[in-house]
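The values are calculated or read from the model by the stated rules, or taken from the named source; none is laboratory data. The structure presented is a predicted model; accordingly, all values stated were derived computationally and were not measured. Positions of Cβ are generated from backbone atoms using ideal geometry, with glycine treated the same way; all protein chains shown enter the neighbour counts. Side chains included, ligands, DNA and RNA excluded: accessible areas come from the protein's heavy atoms. Shrake-Rupley method; radii C 1.70, N 1.55, O 1.52, S 1.80 Å.
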4 protein chains.
Amino acid sequence: MSRFRAAVVGTGFIGPVHVEGLRRANVEVAAIIGSSEEKSRQAAERLGIDPRHGSLESVLADESIDAVHLTTPNRHHFAQASAALRAGKHVLCEKPLAMNSAESAELVRLAAACGRAAGVAYNIRFYPLCHESASRVRNDSLGRVLHVTGGYVQDWLLRDTDFNWRVITADGGELRAVADIGTHWLDLVQFVSGHRITAVCADLQTVHPRRRRPQGGVETFSGNAAPPRETEAVEIATEDAGCVMLRFDNGARGCLWVSQTTAGRKNCLRFEIAGTAQTLAWNSEVPNTLWIGHRDQPNEVLIRDPALIDPAAAAISNYPGGHNEGFPDTFKQLFRTFYGSIAAGDFATRPRFPTFADGHHEILLCEAILHSHREQRWIDVPSSTA
Amino acid sequence: MSRFRAAVVGTGFIGPVHVEGLRRANVEVAAIIGSSEEKSRQAAERLGIDPRHGSLESVLADESIDAVHLTTPNRHHFAQASAALRAGKHVLCEKPLAMNSAESAELVRLAAACGRAAGVAYNIRFYPLCHESASRVRNDSLGRVLHVTGGYVQDWLLRDTDFNWRVITADGGELRAVADIGTHWLDLVQFVSGHRITAVCADLQTVHPRRRRPQGGVETFSGNAAPPRETEAVEIATEDAGCVMLRFDNGARGCLWVSQTTAGRKNCLRFEIAGTAQTLAWNSEVPNTLWIGHRDQPNEVLIRDPALIDPAAAAISNYPGGHNEGFPDTFKQLFRTFYGSIAAGDFATRPRFPTFADGHHEILLCEAILHSHREQRWIDVPSSTA
Amino acid sequence: MSRFRAAVVGTGFIGPVHVEGLRRANVEVAAIIGSSEEKSRQAAERLGIDPRHGSLESVLADESIDAVHLTTPNRHHFAQASAALRAGKHVLCEKPLAMNSAESAELVRLAAACGRAAGVAYNIRFYPLCHESASRVRNDSLGRVLHVTGGYVQDWLLRDTDFNWRVITADGGELRAVADIGTHWLDLVQFVSGHRITAVCADLQTVHPRRRRPQGGVETFSGNAAPPRETEAVEIATEDAGCVMLRFDNGARGCLWVSQTTAGRKNCLRFEIAGTAQTLAWNSEVPNTLWIGHRDQPNEVLIRDPALIDPAAAAISNYPGGHNEGFPDTFKQLFRTFYGSIAAGDFATRPRFPTFADGHHEILLCEAILHSHREQRWIDVPSSTA
Amino acid sequence: MSRFRAAVVGTGFIGPVHVEGLRRANVEVAAIIGSSEEKSRQAAERLGIDPRHGSLESVLADESIDAVHLTTPNRHHFAQASAALRAGKHVLCEKPLAMNSAESAELVRLAAACGRAAGVAYNIRFYPLCHESASRVRNDSLGRVLHVTGGYVQDWLLRDTDFNWRVITADGGELRAVADIGTHWLDLVQFVSGHRITAVCADLQTVHPRRRRPQGGVETFSGNAAPPRETEAVEIATEDAGCVMLRFDNGARGCLWVSQTTAGRKNCLRFEIAGTAQTLAWNSEVPNTLWIGHRDQPNEVLIRDPALIDPAAAAISNYPGGHNEGFPDTFKQLFRTFYGSIAAGDFATRPRFPTFADGHHEILLCEAILHSHREQRWIDVPSSTA
């Protein structure tokens, strides 16, 4: 088949991750777009990409480009996704899909109207053992889902001197830890369990109500302390951590803990999904093993191995057992799935990648969490199909 | 020194655990008392104990006996502890201390009035690495406590055919999973963090609103399915699982997940206590290692080793590094501490064992949790010193 | 039944371990004997034991004492065990049984002649999951044994300032790391696999050919650096580490690595026994889990749980799943087994505890290892029944 | 810079791994060559590569191609590498470099004569934590290297019905488990420790002296049992498992265990390198953590994190801490290093990738191991610079 051609918009941490994933998925990276023509050119040179396009407008006017990947700050997603869909491009957008549910609902409608593939980069689903977990629920190995618990914890914002655009409400939105990382967990456990969250009760915590912004800005995951610089105090309204109690559409209960201020946890998503027949536990920092708990026989630790997992999971696993696949592989597999759907040309049946509808549901969920926190009570999550 | 002499009341799972722990702590087990003279005699013979005493009354009348250990069903604790204190005995009572806070408050008063040592068997504190964790908070290695999360999960009540007196409200109390195991976690994290829980928001779940009781009864932790027997349906009002969001007196937040219906988790208490300088994580199923998380240096995994831990922790650790100590050792260490306090003769200063005041605070906490669940809102925990 | 009465000879690290294990096994500790009457009295007072006996002679003359436990330095084992057997006592001796195979062969003969129970304290067999492993070989779950590998590593002799009587040939014997810890591993894997080692090829390493002895002596496992003291240089001929390649009587191959100079490993015995159907891996620092490897299904991690293990293993496991048992429990279980055999009164059938014959075989094996190292070639291990 | 152009020769398991790694390293894959023109065309189509070249000859005649990657069966390496070097191409060859040391010595000479970059794909070095380990030895964190132990075990050849060209001496060489996987371990520990192995004593084991070959052949790592097919018995002379005792040029000792018949171990390389100051342990199945053992402080578990590791390791690590990198990433990093050296244009200084000299040393080592096994004695390893 002829290769698809994609443009990546955004040159921060995650843009180059998309570039690499696209190359591995055998999709041609036709352009990389930064926040200016100059930044686009620099990124193109650094990453070995054709520098002819320097702006999204230029990309959208190029009929040879099939798809646009949006890895820009959250507040640009709505306008950029809308423009790309209207230009007839397929769109794969980083999460969150938009700044609020009015925007995300509009994007769902627009994607349907344009008849384009419209995905959100919930890449964590594409760890093969997450697909395996979903298969174990679908084929009833797990039994009825009873409990869904876990968390997503990091430490890169532990200190009040840790700074990033995401901590500022105007740039990242009113929620931060929940929206940045909690949303990955919420998407994942609903994907795995096959059940929607219908009500939430949240309590959020801002560890540092004031942070010190270095003059000049800081990259995401820039790691260890850079040399000291001049800083200015900034009031912070977004949460560093929080708990969300959960109810699912089948009566299951659970809870999520998120934190970006937990020393020593670098990027640690954990879930434990307990059913009437078995329990599944997984940790993103050791993603090639899945713990399977049993009552009346020894527990199991399944090593990711295409020969030992469900066909749906094996389909997104390219290396033999014991040969670790990691975070970059999830993007490759998401993209293989996304472009595979496009090649199949069927957008009517439910696609195997996370769609704009999923992204919209996540925003409704985040809004309910914020609402719950503010009112300190349980809030129902509106149905995303309403 | 002359050896202390103790009587153990209760012959179920935990009574013999006390017997063994007392012997290791070099306390003479002078009597074991069952629910009848006959059961007392049988237990005495089975465990190699002097059979002369067959009832609590007989024990209380024996002036050579210094202390009474209560390992009976919860509903007997109040009457038995009261009688023992009044008879001038030191009392070590299994948790929960009583059936409600009126009873437990009365026991606190009575213990003070009688001038006897009065402890509650929160044995988990006595894993040396739990003491080590507490020391790391006290000596400010951890920094300010920010988050306290974790859970206590088991699987022995997974099936609706799993039955035990604890599931019945009249025998075990209105709370079950929270009171049986959650209370261990709640006591432990307050001991380690040095901070009291001041408010709770709970959501409890009864997985099996009806269980099938085998005619004849079932032992705690009796394990795998016994041969099928005649059963009768029983309505269950106590919770199998639940989530409790937490606020601490220093502003820290957290949450607890408890479940007795999580396949594959046999007896798994986990905490993760995050501070401004480091995080401590511990798992009761691997109790000889403590995970210490760091932001700017490699994380640590501390093997329990008297040479590497704080003196307060080394004082309750008798075996060299790499020589595992386990669950039975916690009773030995609790008893060494309890009788060490008695030998020191000083009940005025805060003792190093969990006291009736701690047991009373746990009951207030459980009542607040039940209240919160019923009203589906945050509830303040009354101060136990009120 | 009436309780057995035992005397413990030796007051170092392991003597009190025996005292505690005997009490848990419901055997009366009738005497503790040190290297002098005075040391005996001090130990008796410290451990709450009747001080009437101050010497082995006194113990042997006491007809009410059934058994003697020898926890003295290796060079005393032969004389003390011989005397105790001749006095009609049952004997449980710490390993190694004697200083050479002439002595150990004589002890085997003497035990048979005296008709007494004669055991060697290979306590590690008595971790329940080691019994479980043996059962899995016996019942053919493992298939034919192919490979037996692993090691036993510690760090307490890492520095040239670390000193103990065991490093001196005259006190501990010509082998040290192999005889002290390697012999535990060699006994264990033969017990588990059910196959005898028939030939060895060894290469031993003395990391510190000269150590500095503190004036005054050092306890085993005394841990972290004590305050600096005057030292004197001592030439060391015993090995700190070494490798032994192995051949088993069924054609299986394997290897053992021992070291007392591996930083961070406190007391870490690991085995991996691979069969045609499954592999078993176990680590003494996490003794409550057994890894079971499979080719065509997920691997298993079995938590020690009386409900999930073979009856032979459950018989030496007293606590429910998830309630860790540790190093001290192995002594309790060894003693329960030893005295259970005595109570059964049958020494003709093969007992379930490690016997003097096993201890003798271990010494033949050590002699073959030393011989192999000196000649740098494979050496056959003599049959211990010859 | 203009992108390098590479051709990959070989279309089995590892060829496509090179293709993907080259794309991630921003090297253009200009051709893929199979064992026939037809197979080349099919692979080119499947992998999205220009199909114009169907043979190695055609590739070598194309001046626009800079480098050739050889992923063909071992017996072709010598002829293909020679031809490519003579055609002026840089060569990156899969291990083992050749069938014997005469060939590999010739290739070392030829590479030097041709002035081309000549590397061997010891990719495991390129796990960042292996580079970190090497840095810790170089900067003396580890102290003097004392012991080097570990193994490489798999289970894909467990059954006598498991078949692959590698088991046949004529196709894979006289050694198999040692040459296929042991050589990775041997290269790795010499890279990490900075010390050469100078003598070996080996004992090899053929578990299945006869295997059943399916008519039609089997892919490497094809996993679970395919439907039963007609088989024919084949005599096997290569080893399934074995032990090699080791001596290093600084006096350190160690041992290696290799096996392809260990149920449950999919692809498990483990090393434990003990020094006078600390110990490093690593497991390829959990490659993002490095265990660092200490005597007098808690052990450490370092998560791969560019912010926490040595610059030499961070240079080959592209994702933040907690975002797992895996097996495919090692090829990307090896290729980035290989082509980075070519871009730097300096082949005189010691390159940072494994060279033909390293590949030659490995073959000398394998020959010494085979020699030792046959004579059942220690054999010195010839210096590869002789």
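General remarks:
- Those residues of segment B:145-161 which are assigned to a loop (DSSP other than H, G, I, E, B), of a type outside the set (A, V, I, L, M, F, W, C) and at the interface with another protein chain (Cβ under 9 Å from one of its Cβ atoms), in sequence order: B:154, B:155, B:159
- Of all residues in segment B:15-34, those that are of a type outside the set (Gly, Ala, Ser), part of a helix (DSSP H, G or I) and either facing another protein chain (nearest Cβ under 10 Å) or surrounded by fewer than 21 Cβ atoms within 10 Å (Cβ to Cβ) (or both) total 7.
- Number of the exception - residue B:168 against (1) surrounded by fewer than 24 Cβ atoms within 10 Å (Cβ to Cβ); (2) at the interface with chain A (Cβ under 10 Å from one of its Cβ atoms): (2)
- Test: residue in segment A:79-98 that is away from chain D (no Cβ under 13 Å), out of contact with any strand residue (DSSP E or B) (no Cβ under 9 Å at 6 or more places or on another chain), over 29 Å from residue D:42 (Cα atoms) and surrounded by 20 or more Cβ atoms within 10 Å (Cβ to Cβ): yes
- Checked against (1) more than 23 Å from the chain's Cα centre (by Cα); (2) assigned to a helix (DSSP H, G or I), residue A:54 meets all criteria but (2).
- Unmet criterion (only one of (1) within 14 Å of chain A (Cβ to nearest Cβ); (2) more than 28 Å from residue C:308 (Cα to Cα)) for residue B:178: (2)
- Some residue of segment A:240-247 being at the interface with another protein chain (Cβ under 7 Å from one of its Cβ atoms), out of contact with any Gly (no Cβ under 9 Å at 6 or more places or on another chain) and of a type outside the set (Val, Ile, Thr): yes
- Residue count for segment B:253-302, restricted to those that are out of contact with any Gly (no Cβ under 8 Å at 6 or more places or on another chain), more than 7 Å from chain A (Cβ to nearest Cβ), more than 30 Å from residue B:207 (Cβ to Cβ) and in a loop (DSSP other than H, G, I, E, B): 2.
- Options A:109, A:116: the member that is in a loop (DSSP other than H, G, I, E, B), under 16 Å from residue A:87 (Cα atoms) and either open to solvent by 20 Å² or more (accessible area, probe 1.4 Å) or acidic (Asp, Glu) (or both): A:116
- Close contacts from segment A:363-386, counting a first residue that is within 15 Å of residue A:186 (Cα to Cα) and a second that is polar (S, T, N, Q) and open to solvent by less than 70 Å² (accessible area, probe 1.4 Å), with Cβ to Cβ under 6 Å and a gap of 6+ residues or different chains, come to A:363/A:101; A:363/A:104; A:364/A:101; A:364/A:384; A:367/A:101; A:381/A:198.
- Residue within segment B:344-354 that is at the interface with another protein chain (Cβ under 9 Å from one of its Cβ atoms), at pLDDT 95 or above, crowded, with 19+ Cβ neighbours inside 10 Å and touching a Gly at 6+ places or on another chain (Cβ under 7 Å) present: no
- Count of segment D:303-341 residues which are in contact with a helix residue (DSSP H, G or I) (Cβ under 6 Å, 6 or more places away or on another chain), open to solvent by less than 20 Å² (accessible area, probe 1.4 Å), outside any helix (DSSP H, G or I) and over 30 Å from residue B:309 (Cβ atoms): 5
- Residues in segment B:55-78 that are at pLDDT 95 or above, more than 24 Å from residue B:343 (Cα to Cα) and either open to solvent by less than 10 Å² (accessible area, probe 1.4 Å) or charged (D, E, K, R) (or both): B:57, B:77.
- Residue among D:186, D:157, D:204, D:142 that alone is touching a His at 6+ places or on another chain (Cβ under 6 Å) and modelled with pLDDT of 95 or more: D:204
- Residue B:250 out of contact with any helix residue (DSSP H, G or I) (no Cβ under 7 Å at 6 or more places or on another chain), surrounded by fewer than 24 Cβ atoms within 10 Å (Cβ to Cβ) and under 18 Å from residue A:293 (Cα atoms): no
- Residue check for residue A:194: surrounded by fewer than 19 Cβ atoms within 10 Å (Cβ to Cβ), under 26 Å from residue A:253 (Cβ atoms) and in contact (Cβ under 8 Å) with a residue 60 or more places away in the chain: yes
- Hits in segment A:35-48 (condition: outside any helix (DSSP H, G or I) and surrounded by 21 or more Cβ atoms within 10 Å (Cβ to Cβ)): none
- Taking (1) within 14 Å of chain D (Cβ to nearest Cβ); (2) assigned to a helix (DSSP H, G or I) in turn, residue C:367 satisfies each apart from (1).
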